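*Asks:* Below is a structure I'd like to ask you about.
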């Protein structure tokens, strides 16, 4: 008997947690943080729909916080089993979990300082993050959890180190896509695939739509930068520290090298982004990156702009940016505007009609980024209301997720034998993709709801 329980990213995009049970061994695939409405997300983050002591092992697909960010909560509750991932994901996850804990503490401290009545507690702190980090076990080659359960990682092409997870359980194969990258992208090689698993657990972030051609990104970004230069605007870019920030820097570097943008100050204002970009720089010529990027890096020697981009770690240097007039570009975390230094930059610019907020990644429902993208004219930042006057622009070129056609091509190649479980997509995205699959002749398609469990007989 094989059981699956979907404890997050079921009808939504954040909070990925999927439990596979085989012969009384429970394996959790990813352990991500929910993001969105503060009270609702907090409730789901702190109250797991499972007992931590029942989990025998955790396997992580990649280092993004919506796939790893609840690990310190799991460790805080008492989990002490292994957390498996590949070596790059371990290295990146250590940086991101330490930073997440720091943000939990500093954001709560700042919120409590400006609110006398309502107080909040961080979800976890540095000690909890370090406890989770101590449980990591990196595996780059296939390994066994028991004599009947074998685990392999396949390239997912989503971010540096991202993997699909293949579980082989006494002849039954379950493939978890994690987050899949696009066939054509800026930095990485496209996803690998394996044929004919029994079951496929598939992300559907963009299950009902396509992305604009990535080749058009340079021209559009150059036009925005030129506008900002002429009117002396700040361009504030909420960048996911892992992958999106590096992609934006790479595009800016290509534009600068080709003389297509004016000279203006550029800041990467995120300690985590600074650390992660160093890892990218150290691995430029590894097999993770595409031939096109490696060729450019060999020619340019500085694709991440260390010669002219200022990477900011210190708080006092970050605060100075709020007192400085444009034109300038500030790339800061978090990518959905849910925490970190980006909130301080927004707080200081959101009522300035001359400044530009440039959204370059997926914005989940109920996040501040999504509210701004949807055109809300009044939003809360640190619990205080702000009128929105700054210009809001969105670039979908940079998505690290496979679009509808890429997802369909992937499913056709994988062609699972017994069933497809659609996760990591809002209801409209995964319902739309489910219909696409049915139109293509696929059957046994499941759309699990939060905490739903399935018993699957061989």
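The values are calculated or read from the model by the stated rules, or taken from the named source; none is laboratory data. If you're wondering where the values come from, they're calculated on a predicted model, not measured in any experiment. Quick reminder, even Gly has a Cβ in these numbers, built from the backbone with ideal geometry, and neighbours come from all protein chains shown.
*Asks:* Can you confirm whether the range 116-123 contains a residue that is buried (at least 18 other Cβ atoms within 10 Å of the Cβ), touching a residue at least 24 places away in the same chain (Cβ under 8 Å) and either in contact with a helix residue (DSSP H, G or I) (Cβ under 7 Å, 6 or more places away or on another chain) or part of a helix (DSSP H, G or I) (or both)?
*Replies:* Checked the range 116-123: at least one residue is buried (at least 18 other Cβ atoms within 10 Å of the Cβ), touching a residue at least 24 places away in the same chain (Cβ under 8 Å) and either in contact with a helix residue (DSSP H, G or I) (Cβ under 7 Å, 6 or more places away or on another chain) or part of a helix (DSSP H, G or I) (or both).
*Asks:* Look at the range 276-292 and say how many of its residues are part of a helix (DSSP H, G or I) and out of contact with any strand residue (DSSP E or B) (no Cβ under 8 Å at 6 or more places or on another chain).
*Replies:* Final tally of qualifying residues: 8.
*Asks:* Residues that are out of contact with any strand residue (DSSP E or B) (no Cβ under 8 Å at 6 or more places or on another chain), free of Cβ contacts under 8 Å to residues at least 40 places away in the same chain and more than 22 Å from residue 95 (Cβ to Cβ): does the range 311-318 have at least one?
*Replies:* So far as the range 311-318 goes, no, none of its residues is out of contact with any strand residue (DSSP E or B) (no Cβ under 8 Å at 6 or more places or on another chain), free of Cβ contacts under 8 Å to residues at least 40 places away in the same chain and more than 22 Å from residue 95 (Cβ to Cβ).
*Asks:* Quick check: is even one residue across the range 315-330 more than 30 Å from residue 208 (Cβ to Cβ) and crowded, with 23+ Cβ neighbours inside 10 Å?
*Replies:* yes
*Asks:* Looking at 415, 348, which one is farther than 21 Å from residue 211 by Cα and outside the structural domain of residue 191 (by TED's automatic domain parsing)?
*Replies:* 348
*Asks:* What are the residues in the range 97-106 that are out of contact with any helix residue (DSSP H, G or I) (no Cβ under 6 Å at 6 or more places or on another chain) and crowded, with 18+ Cβ neighbours inside 10 Å, if any?
*Replies:* 103, 104
*Asks:* Under 6 Å between Cβ atoms, which residue pairs at least 6 apart in sequence (or on different chains) link something in the range 443-458 that is in contact (Cβ under 8 Å) with a residue 60 or more places away in the chain and at positive phi with a partner that is in a loop (DSSP other than H, G, I, E, B) and surrounded by 10 or more Cβ atoms within 10 Å (Cβ to Cβ)?
*Replies:* Listed by first residue and then by second, the contacts come to 451/49.
*Asks:* Would it be correct to say that residue 287 is in contact with a helix residue (DSSP H, G or I) (Cβ under 8 Å, 6 or more places away or on another chain) and in the same structural domain as residue 355 (by TED's automatic domain parsing)?
*Replies:* Answer is no for this residue.
*Asks:* Which of the residues that make up the range 302-314 are over 21 Å from residue 233 (Cβ atoms) and either surrounded by 13 or more Cβ atoms within 10 Å (Cβ to Cβ) or not assigned by TED's automatic domain parsing to the domain that holds residue 266 (or both)?
*Replies:* 302, 303, 304, 306, 311, 313
*Asks:* Here is a follow-up. Would it be correct to say that residue 404 is modelled with pLDDT of 95 or more, assigned by TED's automatic domain parsing to the domain that holds residue 194 and under 11 Å from residue 205 (Cα atoms)?
*Replies:* So residue 404 fits the description; yes.
*Asks:* Among the numbered criteria (1) in a loop (DSSP other than H, G, I, E, B); (2) surrounded by fewer than 19 Cβ atoms within 10 Å (Cβ to Cβ); (3) under 22 Å from the mean Cα position of the chain (by Cα), which single criterion is violated by residue 35?
*Replies:* Evaluating residue 35 over (1) in a loop (DSSP other than H, G, I, E, B); (2) surrounded by fewer than 19 Cβ atoms within 10 Å (Cβ to Cβ); (3) under 22 Å from the mean Cα position of the chain (by Cα) leaves (2) as the failure.
*Asks:* Considering only the range 46-69, how many residues are in contact with a strand residue (DSSP E or B) (Cβ under 7 Å, 6 or more places away or on another chain), assigned to a loop (DSSP other than H, G, I, E, B) and within 15 Å of residue 90 (Cβ to Cβ)?
*Replies:* So the answer is 3.
*Asks:* Same structure again: Residues that are surrounded by 21 or more Cβ atoms within 10 Å (Cβ to Cβ) and under 25 Å from the mean Cα position of the chain (by Cα): find the strands (runs of 3 or more DSSP E) completely inside the range 336-445 holding 1 or more of those.
*Replies:* Passing ranges, in order: 356-359, 419-423.
*Asks:* Identify all residues within the range 224-273 that are in a loop (DSSP other than H, G, I, E, B) and buried (at least 19 other Cβ atoms within 10 Å of the Cβ); write none if there are none.
*Replies:* Scanning the range 224-273 gives 233, 239, 240, 241, 242, 243, 261, 270.
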